[in-house]
Number of protein chains: 2
Amino acid sequence: MQYSIGIDIGGTNSVMGIVDKMGNILFEAELITKDYEHLEGFVDASYDELFPQIVKLGKNNFKGIGIGAPNGNYYNGTIEFAPNLRWKGVLPLAKLFSDKFGLETTVTNDANAAAIGEMMHGAAKGMNDFIMVTLGTGVGSGFVANGKMIYGHDGFAGELGHVIAVRDGRLCGCGRKGCLETYTSATGIVRTANEFLETKSTSSLLRSVANITSKDIYDAAVQGDFLALEIFQFTGKILGQSLADAVAITSPEAIILFGGLAQAGKYIFEPTHKYMEENLLKIYQGKVKLLPSELRESDAAILGAASLIWNTDKVLV
Amino acid sequence: MQYSIGIDIGGTNSVMGIVDKMGNILFEAELITKDYEHLEGFVDASYDELFPQIVKLGKNNFKGIGIGAPNGNYYNGTIEFAPNLRWKGVLPLAKLFSDKFGLETTVTNDANAAAIGEMMHGAAKGMNDFIMVTLGTGVGSGFVANGKMIYGHDGFAGELGHVIAVRDGRLCGCGRKGCLETYTSATGIVRTANEFLETKSTSSLLRSVANITSKDIYDAAVQGDFLALEIFQFTGKILGQSLADAVAITSPEAIILFGGLAQAGKYIFEPTHKYMEENLLKIYQGKVKLLPSELRESDAAILGAASLIWNTDKVLV
């Protein structure tokens, strides 16, 4: 039996697992990304989690390590200027892992990895043209066209979270203004909640919550809280508008929503779908499915990252 | 020798030609698209232009007809709801041509055809990832990723002219508001000129021109007319902003500008490049070339359309 390791590095948490060729996850571990000041410390901690298991299964049976990371570069194995990570600048992620583990390592954007996971094992099975949108700490995306992941000329394609959703809008971690992720990520919806609470006089369950989280907004919406529902409407409107523009570029069969905010179900899907349809060019109306991911969040990321190893057609680091 | 026919249907003019496999155009003709109330009349007129030449070269030597048309659908050979054409609804373009000529016919978006022409014979030779943007009566685009044209799930991918450049902006022929093509097409820049002339008090050579055209604005800019230069700045800003968003999706090696407005050279390229760079996410800055087409406008369209015949991998109508 051959195995690969899939690692998903997120702004808040990172998950990693050992995967066989059929997509079974044999071992899983989690690290709090933010706890590691330096990438090297994170690599060491990953090694401590994984290496005992690697030894148990036999290191020779391991084909490599696939990593999905924010601003992960498929072509050269680096992460570069990732706005949601503590680790700044250009860092040789693949090299650090391959040196430490003695295993070939390949890297891509975390959202691209999730898209590959969804294509191999989830809601995008059999699709040649789809968009994966991850609504987590930030907003990521993976675009698949003609059955292939779009990495782009430099390996950084698919940054839907950084298209400008609102011209001169909210300040983003990337230094620009109005990026989609400042509105439709887990942190973005919290910004909206705080804004609405300040500027509107509507009574709301959220008024009694200190340090509101996206989960609080969801819980309030479930209880029929008017302001919470308005917050989801606003978030879905901005997401739907940006998705309509993305459809005009790649015309996908489906858009798959994934990540924390996508777990709000109808509260985010209904307004997003409504405003996407309203904003679509006529030729696209009624054609594009808006689907929830069919994989557990951590699974998709691990499976996607691991599948980089089975499917990669580039020279590994 | 084998030949194919390339036809480019534009909102104003249409060009057609007979092309050999090396990309030589052996015969060219032009029709005024707007003169034909019905598509059938246009097919008949095309036949009258081309058929004598087809007979001369031997009909058996012809491999087929490739057509680039606004909202042309690669998969089913139709044009559907093209906002810049007089011919409304869903029309069986490929079938009408193949019935009339007795030659297999394949159709795509006019901008996709131009992109293929540029990839085979022009500025995008050897590129795997680029965007072709046509700035004509409308704004069209063709996205190439991983060396392949992105047709999308329904055959209509690449409508960059209909991403929303200005939320709730100018009314577009497609019925929505703020589409890129209402600002950065030949007609869009004229709207800007008329707006600026009305709302600004700056003196300008354009004030003495009745029924301003994009050519008039260019001529005034060449003479250093301040308002004309402002009009180009404004147009380049809107185009640059939208291109920056498109880069975040497919991360191309180059963006190639083509069509009437692109012929304004530095007057449109300089502000577009400046505002594109200003609006790019850091990881893309300084990486994306902004290039003029290397083919004569009519050639790119004819060659691209014709190459659909040499390179098509779908069942022809």
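What the Cβ-Cβ distance of residue A:20 and residue B:282 gives, at R0 = 35 Å and to the nearest 0.05, is a FRET efficiency of 0.35. Remark: relative contact order (the range A:127-292) = 24 percent; criterion is Cα-Cα distance under 8 angstrom and separation of 6 or more residues. In this simple spin-label approximation, residue A:99 and residue A:28 carry label points 7 Å from Cα along the Cα→Cβ vector, and these lie 3.2 nm apart. With a cut-off of 13 Å on the backbone N, the residues of the range A:100-135 near the modelled label site 7 Å out from residue B:148 along Cα-Cβ are A:127-130. Looking at chain A alone, DSSP beta bridges between its own residues are antiparallel in about 55 percent of cases.
Counting DSSP beta bridges with both partners in the range B:127-292, what percentage is antiparallel, nearest 5? Close to 55 percent. For residue B:61, the label point sits 7 Å beyond Cα toward Cβ; its separations from the matching points on the remaining copies run 6.6 nm, from shortest to longest. Residue A:205 sits among other residues whose Cβ lies under 11 Å from its own Cβ, and their net charge, with Lys and Arg +1 and Asp and Glu -1, is -2. One equal scatterer on each Cα of chain A, no solvent, Debye formula: the resulting log10 I(q)/I(0) at q = 0.16 Å⁻¹ is -1.29. Helix B:39-57 and the longest principal axis of the Cα set of chain B meet at an angle near 60°.
Only beta bridges with both residues in the protein assembly as shown are counted; by DSSP, about 55 percent of them are antiparallel. Along chain B, counting only trypsin sites (Lys or Arg not before Pro) with a DSSP assignment other than H, G, I, E or B and at most 14 other Cβ atoms inside a 10 Å radius, the longest segment between sites is B:201-295.
Dividing the alpha-carbon radius of gyration of the range B:98-225 by the rule-of-thumb value 2.2 N^0.38 Å gives 1.32. Rounded to the nearest 10 degrees, the angle from helix B:266-279 to the longest Cα principal axis of chain B is 80 degrees.
Give the share of C-alpha pairs in each 10 angstrom bin for the protein assembly as shown, from 0 to the last occupied bin, in whole percents, shortest bins first. Values per bin, smallest distances first: 3, 16, 24, 24, 18, 10, 4, 1, 0.
Each copy carries a label point for residue A:99 at 7 Å from Cα toward Cβ; from one copy, the others' points are 7.0 nm away, ordered from shortest.
Only DSSP H runs of four or more residues enter the estimate; each adds -39500 (n - 2.57), and after division by the residues of chain B the mean residue ellipticity at 222 nm equals -12000 deg cm²/dmol.
Distant-in-sequence amide contacts of residue A:108, defined by a placed amide H-H separation under 5 Å and a gap of 5 or more residues or a different chain, comprise A:67, A:68, A:69.
3J(HN,Hα) couplings calculated from phi for the range B:65-73 with the Karplus curve 6.51 cos²θ - 1.76 cosθ + 1.60 (θ = phi - 60°) are, in sequence order, 10, x, 10, x, 9, x, 6, x, 9 Hz; Gly and Pro show x. When the alpha carbon coordinates of the range A:175-290 are projected onto the principal axes, the ranges are 45, 34, 25 Å, largest first. Rounding to the nearest 10 and keeping the result within 0 to 90°, find how far the Cα-based axis of helix A:297-311 lies from the longest principal axis of chain A. Between the helix axis and the principal axis of chain A, the angle is about 40 degrees. Sorted shortest first, the distances from the residue A:175 label point to those of the same residue in the other copies are 4.3 nm; each point sits 7 Å from Cα along Cα-to-Cβ. Within the range A:1-60, the GluC sites (Glu not before Pro) that combine a DSSP coil assignment with at most 10 other C-beta atoms in a 10 angstrom radius are A:37.
Placing +1 on the Cβ of every Lys and Arg and -1 on the Cβ of every Asp and Glu, with nothing else charged, gives the range B:127-292 a dipole about its Cα centre of roughly 100 debye. Residues whose amide H lies under 5 Å from that of residue B:289, counting only those 5 or more places away or on a different chain, are B:254, B:255; hydrogens are built 1.01 Å from N in the peptide plane.
Label separation (residue A:45 vs residue B:88): 6.3 nm, computed from points 7 Å beyond Cα along the C-beta direction.
Just so you know, all these numbers are worked out from the coordinates, no wet-lab data involved. Owing to the predicted nature of the structure, the values given are computational and were not obtained by experimental measurement. Please note: Cβ atoms are built from the backbone with ideal geometry, for glycine as well, and neighbour counts cover all protein chains shown.
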